[in-house]
Number of protein chains: 2
Amino acid sequence: MQSFIEEETKYQVIPFTWPKGYKSDGVHAGLRKNPEKKDMGWLYSEVPAQAAGTYTTNQFQAAPTKLTKQTINQDHQLQAMVMNTAVANSVTGEQGMIDALKMQALAAEKLGLPNEMVGVASTGLIGELLPMPTIAKGIEQLQLLDNGYVTEAVLTTDKHAKTITTQVEISGKTVTITGFCKGSGMIHPKMATMLGFVVTDAKIADGQLQTMLSQEVDSTFNQITVDGDTSTNDMVVTMANGLAGNEPIESDGGIDSQNFLEAYHAVLEELAQDIAADGEGSTKLVEVNVEGAATHTDAQKVAKAIVGSNLVKSAIFGEDANWGRIIAAIGQTNATVDVDHTSVWLNDLPLVKNSHSADFDEAEMKASLGNDKITILVDLNSGTATGQAWGCDLTYNYVRINATYRS
Amino acid sequence: MQSFIEEETKYQVIPFTWPKGYKSDGVHAGLRKNPEKKDMGWLYSEVPAQAAGTYTTNQFQAAPTKLTKQTINQDHQLQAMVMNTAVANSVTGEQGMIDALKMQALAAEKLGLPNEMVGVASTGLIGELLPMPTIAKGIEQLQLLDNGYVTEAVLTTDKHAKTITTQVEISGKTVTITGFCKGSGMIHPKMATMLGFVVTDAKIADGQLQTMLSQEVDSTFNQITVDGDTSTNDMVVTMANGLAGNEPIESDGGIDSQNFLEAYHAVLEELAQDIAADGEGSTKLVEVNVEGAATHTDAQKVAKAIVGSNLVKSAIFGEDANWGRIIAAIGQTNATVDVDHTSVWLNDLPLVKNSHSADFDEAEMKASLGNDKITILVDLNSGTATGQAWGCDLTYNYVRINATYRS
């Protein structure tokens, strides 16, 4: 019944490294009090890279998010990204946009680039202005190095940096794809914010990177939830500088694009899972796989409803095989569901069979719920489409983190 | 700025009483272990009453909910409702419907009514069959009395019974409206379930009660949330037996219908607020009033997004004036929002003015957040429409109740 079988893949996951032609750095500029913590970073490509982005749908979109979207949408080209943590520069009015433009200009000046080749990203407190002297000081300190410090410089309450590198052969050349992100946690938790960056040395056919990113984000980043709250600062930005020397990859379904997208998807999925697993206060990663759906959209919707349910999340924290909550979460969606023949497995153990209790062994199920990763498989018996989503449990610590921020 | 001013009302709230011609009872049949706890009840009208209902949209609709909907939809007439707590008779397949029909038939037989004049309602565990001998024993015990025991017999983990009675003059006659409900909590918490019952002796013009109920439920019960999870058993049923002797009330906006709807709305709103205030683990009732909206739908949507945000709910539990979360919750909706001129008040204190911090006094705000009721007022600066919603804070106890059910 477990149909999410690992298939042979063409790509390899390798230890963290930057693709050809990328330099970066991360420093402590002084935005955060702890001098051990990096709070500013940048990422630079030696040549102009094709760029694409996806951005929060929150109507109160932060100034840096707006600016980066405008910058990328001009001609889908970037050569650098500069970023900070601690202050989100969100809900900061006109001054917020002036500050984001200034941050962009300072980085561009130091790198000898036109402003429109530099994107900016901020995460942290909503409603506070960027302390521009500190930002300027940080940019002064940043160098073009081979280290991975920038992956630390975007973190807030994340427990660890989230990175992944994959490599894949494309037209006889080795293409490297590296991604990093920050998840849902903050120094002063004001909002769950998410930033993701994926860079590659692949050569992508003109104008195709945005299509690839948008498609893959839908089944990865857009399928995670920690608490149902959408940040004002979320963005995923991707750059492809072509230095791998491969033939340009078209998003046309050919073998090159299949192999590249497989490796690219693996990067996005790993980062998405890392964010879910490191959700505020979480103790367990929850993965939901849905099959037997009428459409992929239905499958995605059902998977996300289950990982988004506070009742399911609390039950998983309590290691309680409370299947009525999973069934109720499925039924809340408008997906096509065979309500008399829906089945559910938890860590491969049958939990619900044809909409009745599967008479599972309580002790075995309880033991299985002790795992750090909980996999829920749902068969809707309504078609052949599949979908996935990731989340985490709801814990005392989630409430504590978000209730006691000023204390 | 506080525009939700109390206007003079035509109705009066009076101590709990049944309207003319209603009898009821509640007993301990044995569904719950504690012999002190009532677990079955009924409600009876001496004459056939016009009836209307609204039902859960969860696709896994429980058997009693389905049966009551079918029964009412035949000719919008009922003369009795029989109900139980502890077992929800939900996700119980064909046997579940057989049991619901049997429960209906047993009550009808004892009352000397046709089956189609009796509705049934169940709440409690999902996935377990009703123990029919115990149900039969309960129906044997039930009498036609003037007590209010039925309002206790539907409770699960509710801290107290939720009732309200209003009276209003209609065409020279006193009309009484009494409502009761159960909220979100369970003996063995499997699902937040909600049942509401409103009975009146008013004479309502033929076929108009369903219109009135559907309209009022939209702005009351449908505007509360405890945890975003929709139960399989939710229903609100209303009966009007006409024994007050008033001229039939049309839902046409005339003065009689205005006065009746005002009193009727007050009953539904009070019950909805009671459910929110007594949400699982809650320590505070949260009321959100939205004004300056382009449409009523927008206002309702924004109000519900705020009371539904885990981050807002955690901040209120922590008594933290964390306005970035309120702004972010507003921005997550697709409502028309003036993102540069949105303002927020908390318990009448300015919190956000034109999308900037209102530079509030921290000590004063903190003291205000100590209240049991938190009122958030939002001005979207996009029109003249208003809306309201109610919820509660997210607490350690919510997680505990829903994580440790089997321990």
Failed condition for residue A:128, given (1) part of a loop (DSSP other than H, G, I, E, B); (2) buried (at least 17 other Cβ atoms within 10 Å of the Cβ); (3) at pLDDT 90 or above: (3)
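Test residue A:70 against the stated conditions and say whether it is in a helix (DSSP H, G or I) and not aliphatic (A, V, I, L, M). Explain how you work it out, then say what you get.
Values: in a helix (DSSP H, G or I): yes; not aliphatic (A, V, I, L, M): yes.
Answer is yes for this residue.
When you check residue A:395 against the structure, is it among the β-branched types (Val, Ile, Thr) and more than 8 Å from every other protein chain (Cβ to nearest Cβ), yes or no? Give the derivation first.
On the way: among the β-branched types (Val, Ile, Thr): yes; more than 8 Å from every other protein chain (Cβ to nearest Cβ): no.
Spelling it out, it is not the case that residue A:395 is among the β-branched types (Val, Ile, Thr) and more than 8 Å from every other protein chain (Cβ to nearest Cβ).
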Subset of segment A:264-317 [touching a strand residue (DSSP E or B) at 6+ places or on another chain (Cβ under 7 Å), closer than 14 Å to residue A:223 by Cα and of a type in the set (Val, Ile, Thr)]: A:275, A:286, A:288, A:290, A:302, A:306, A:307
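Looking at segment A:367-387, is at least one residue of a type in the set (Ser, Thr, Tyr), touching a residue at least 24 places away in the same chain (Cβ under 8 Å) and under 19 Å from residue B:89 (Cβ atoms)? Write out each step before concluding.
Step one: list which residues in segment A:367-387 are of a type in the set (Ser, Thr, Tyr), which gives A:368, A:375, A:382, A:384, A:386.
When the remaining residues are screened for being touching a residue at least 24 places away in the same chain (Cβ under 8 Å), the result is A:375, A:382, A:384, A:386.
With under 19 Å from residue B:89 (Cβ atoms) added as a condition, the list becomes none.
No, that holds for no residue.
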Inter-residue pairs, beta-carbon under 7 Å, first more than 11 Å from every other protein chain (Cβ to nearest Cβ) and of a type in the set (A, V, I, L, M, F, W, C) and in segment A:332-351, second surrounded by fewer than 17 Cβ atoms within 10 Å (Cβ to Cβ) and part of a loop (DSSP other than H, G, I, E, B), 6+ apart: A:345/A:1
Scan of segment B:91-125 for residues that are within 12 Å of residue B:64 (Cβ to Cβ), within 14 Å of chain A (Cβ to nearest Cβ) and not in a loop (DSSP other than H, G, I, E, B), ordered by number: B:96, B:97, B:122
Residue tally, condition of a type in the set (Val, Ile, Thr) and either within 21 Å of residue B:218 (Cα to Cα) or more than 7 Å from every other protein chain (Cβ to nearest Cβ) (or both), over segment B:318-331: 2
Flag if residue A:219 is over 26 Å from residue A:172 (Cβ atoms), of a type in the set (Gly, Ala, Ser) and either within 14 Å of chain B (Cβ to nearest Cβ) or over 16 Å from the mean Cα position of the chain (by Cα) (or both): no
Of the criteria (1) of a type in the set (Asp, Glu); (2) closer than 21 Å to residue B:168 by Cβ; (3) modelled with pLDDT under 80; (4) crowded, with 21+ Cβ neighbours inside 10 Å, which one residue B:229 fails: (2)
Condition met for residue A:103 (aliphatic (A, V, I, L, M) and surrounded by fewer than 23 Cβ atoms within 10 Å (Cβ to Cβ)): no
Residues being closer than 22 Å to residue A:354 by Cα and of a type outside the set (A, V, I, L, M) - total across segment B:78-121: 8
Lone qualifier among A:17, A:85, A:65, A:57 - being farther than 21 Å from residue A:140 by Cα and buried (at least 24 other Cβ atoms within 10 Å of the Cβ): A:65
Odd one out for residue B:157, checked against (1) crowded, with 20+ Cβ neighbours inside 10 Å; (2) under 20 Å from residue B:196 (Cα atoms): (1)
Which numbered condition residue A:295 fails, given (1) buried (at least 21 other Cβ atoms within 10 Å of the Cβ); (2) assigned by TED's automatic domain parsing to the domain that holds residue A:361: (1)
Looking only at segment B:359-376, and only at residues there that are aliphatic (A, V, I, L, M) and crowded, with 17+ Cβ neighbours inside 10 Å, the one that is farthest from the other protein chains (Cβ to nearest Cβ): B:376
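Of the residues A:403, A:385, which single one is away from chain B (no Cβ under 14 Å), aliphatic (A, V, I, L, M), more than 21 Å from the chain's Cα centre (by Cα) and more than 19 Å from residue A:225 (Cβ to Cβ)? It would help to see each step written out before you state the result.
Details: A:403 fails: away from chain B (no Cβ under 14 Å).
Only one candidate qualifies: A:385.
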Some residue of segment B:387-404 being farther than 20 Å from residue B:314 by Cα, assigned to a loop (DSSP other than H, G, I, E, B) and among the hydrophobic types (A, V, I, L, M, F, W, C): no
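Could you grab me the full set of residues in segment A:266-293 that are of a type outside the set (Lys, Arg), within 13 Å of chain B (Cβ to nearest Cβ) and more than 30 Å from residue A:168 (Cβ to Cβ)?
Going residue by residue through segment A:266-293, those that are of a type outside the set (Lys, Arg) are A:266-283, A:285-293.
Okay, now just the ones that are also within 13 Å of chain B (Cβ to nearest Cβ), so A:279-283.
Residues satisfying the conditions are A:280, A:281, A:282, A:283.
The values are calculated or read from the model by the stated rules, or taken from the named source; none is laboratory data. Just so it is clear, the structure is predicted and the values come from calculations on it, not from any experiment. Positions of Cβ are generated from backbone atoms using ideal geometry, with glycine treated the same way; all protein chains shown enter the neighbour counts.
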